[in-house]
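*Asks:* This is the structure I want to talk about, given as structure tokens.
The values are calculated or read from the model by the stated rules, or taken from the named source; none is laboratory data. Small disclaimer: the values here were computed from a predicted structure and weren't measured. Reconstructed Cβ throughout: ideal geometry from the backbone, glycine too, with neighbour counts over all protein chains shown. Surface areas here come from the heavy atoms of the whole protein model, side chains and all, with no ligands, DNA or RNA. Shrake-Rupley method; radii C 1.70, N 1.55, O 1.52, S 1.80 Å.
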Amino acid sequence: QAFVSLLGAGQALVPAVEALERYDLFSRYLPEWRAVRSLPQRNAFHTYTVDRHLLQTVANANEYVRDVHRPDLLLVGALLHDIGKGYPGDHTDVGMELVESIGPRTGFPPEDVAVIRSLVEHHLLLSETATRRDLSDPRTAVNVAEAIGDTNRLELLVALTKADSLATGPAAWSGWKASLIDELVRGVHQVLRGANGAVEATIDAQQFSRLIDQFRADGVVHLEREADGEFETVRIVSADRQGLFGLIAGTLALHGLDVVGAQARTAPDGTVVDQFRILVSNGVEPNWSRIEHELRGVLAGEIDVDAKLEQRIRTHGRARRRAQAAAPPRLEVFVSNDASDSTTMVDVRAPDGLAVLYRLSHALSGAGLDIRSAKVVTLGHEVVDVFYVQTTNSPTGQVPVGEFDALRQRLRAALTD
């Protein structure tokens, strides 16, 4: 998390890393960096050495973090896209191999490592295709779509392509090239739209069946967890109800737990498995027996999670406000039906604060929306919460476009009251 926050520092990243590297500190965290440090480029097309080019690409990529669903993957992909140039062989092939070790070591789960690897593999794809292929041939877009695979990777690759080109040199980017890439991307997006939903796969069928059986034996709620390095995967099984996701998120927030991702799956009888991925801060193990006991009370209606959270916010909010940056990030809400055929994507960029996930999920539930999955990213003092929601008001499950403005206003109000 600290590493990603550093990458999110914008143009200040370049002198910061250069200062660290005088004492070999950045390379101590990322040993592969030593192979590209002060390394000359192999052609005059580049203005900078390899290491400076990579840092400048990350700095440029900060301009596009609001254009993508996973800003953290964009920034890491930008840092590593040419990391293979410090080793023998094709730099793309080598870079893909390096990501397979760097990604897990840094703390990314396998699905995220696969995305970063794809960014390294295809970091030249859009640029080379746009300038070297017939864009009027439908097969051109089909080929690129098959290589990239889904719309989330496409938007990451578009942002990386722009950041990489601008960091290469004045000959690498122009209005003409930008227009060609935009034309290509429109065609690829049309091919990909509807082919792959943006919602991540939830719990597999065998695991889901086992959890349902255990819940039926336990009663009110069943909780189990699985350690994964500095993360914990927590699965909570209970009967479905309006606002269930928010109640669970609120309970976790009461204990100061950092949720970085969430998914949900519902059985035909209305039993729900909510899966949360939690960052274990400073290696301190949460008191799970107390959390489970409190969760049972919340779901039974014996504990008012709203009141408890408000008390916590009053107690800690003033200190948090003092600690925030002098110029906090803007509050922005994006709503789209383009990311999936069956869900609506709600993307919220906001200043970090207490119980942000709970406030947003509570507001979504209040709007009658069912949260199918969520992805949470913290970039310095900014949070990016992305929800995939469904409604019963339309045959597709997507929120009607005419209701987007009201939904945006409701979410803004949830964070600015």
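*Asks:* To the nearest 20 Debye, how big is the dipole of the stretch 17-146 about its Cα centre, given +1 on the beta carbon of each Lys and Arg and -1 on that of each Asp and Glu? List each step's numbers first, then the result.
*Replies:* Working: 14 positive and 20 negative charges, 70 e Å.
Dipole of the stretch 17-146, to the nearest 20 debye: 340 debye.
*Asks:* Skip the ligands, DNA and RNA, and give the accessible area per residue of the chain with a 1.4 Å probe, whole Å². Kindly include the intermediate steps, with their values, before the conclusion.
*Replies:* Working: 18990 Å² over 417 residues.
Solvent-accessible surface per residue comes out at 46 Å².
*Asks:* Out of Ala374, Gly270, Pro31, whose Cα points farthest toward the positive end of the dipole of the chain (charges: +1 Lys, Arg; -1 Asp, Glu; placed on Cβ)?
*Replies:* The residue sitting farthest along the positive end of the dipole is Pro31.
*Asks:* Expressed in nm to one decimal, what extension gain is obtained for the pair Trp288 and Asp258 from 0.36 nm per residue of sequence separation less their Cα-Cα distance? Display every interim value, and only then the final one.
*Replies:* Working: separation 30, 0.36 × 30 = 10.80 nm, distance 1.42 nm.
Result for the pair: 9.4 nm of gain on full extension.
*Asks:* Moving on to the next point. Specify the angular offset, from 0 to 90 degrees and rounded to the nearest 10, of the alpha carbon long axis of helix 356-366 from the longest principal axis of the alpha carbons in the chain.
*Replies:* Once rounded, one gets 60 degrees.
*Asks:* Provide, in order from the shortest bin, the percent of all Cα-Cα pairs of the stretch 224-311 in each 10 Å bin, continuing until the bin that contains the maximum pair distance.
*Replies:* Each 10 Å bin holds this share of Cα pairs: 16, 51, 29, 4.
*Asks:* Follow-up. Taking all protein chains as present, what is the carbon and sulfur share of the accessible area of the stretch 145-193, in % to the nearest whole number, probe 1.4 Å? Walk me through the numbers before you get to the answer.
*Replies:* Values: 1060 of 2030 Å².
Accessible surface attributable to carbon and sulfur in the stretch 145-193 totals 52 percent.
*Asks:* What does the charge dipole of the chain about its Cα centre add up to, to the nearest 20 debye, if the Cβ of each Lys and Arg holds +1 and the Cβ of each Asp and Glu holds -1?
*Replies:* Details: 43 positive and 56 negative charges, 216 e Å.
Around 1040 debye, computed over the chain.
*Asks:* Using θ = phi - 60° and the Karplus curve 6.51 cos²θ - 1.76 cosθ + 1.60, what whole-Hz ³J(HN,Hα) does each residue of the stretch 396-409 get, with Gly and Pro shown as x?
*Replies:* For the stretch 396-409, the Karplus curve yields 7, x, 8, 5, x, 4, x, 9, 4, 4, 5, 5, 4, 5 Hz.
*Asks:* Quick one: helix 50-61 against the long Cα principal axis of the chain, what's the angle to the nearest 10°, folded into 0 to 90?
*Replies:* Computed tilt is about 50 degrees.
*Asks:* Same structure again: On the principal axes of its Cα set, how long, how wide and how thick is the chain? Give whole Å, largest value first.
*Replies:* Over the chain, Cα extents along the principal axes are 69, 52, 41 Å.
*Asks:* Taking the chain, how many lysine pairs are there with alpha carbons less than 27 Å apart, if each pair must be eight or more places apart or span two chains?
*Replies:* Values: Lys85/Lys162; Lys85/Lys177; Lys162/Lys177; Lys162/Lys375; Lys308/Lys375.
Counting lysine pairs in the chain gives 5.
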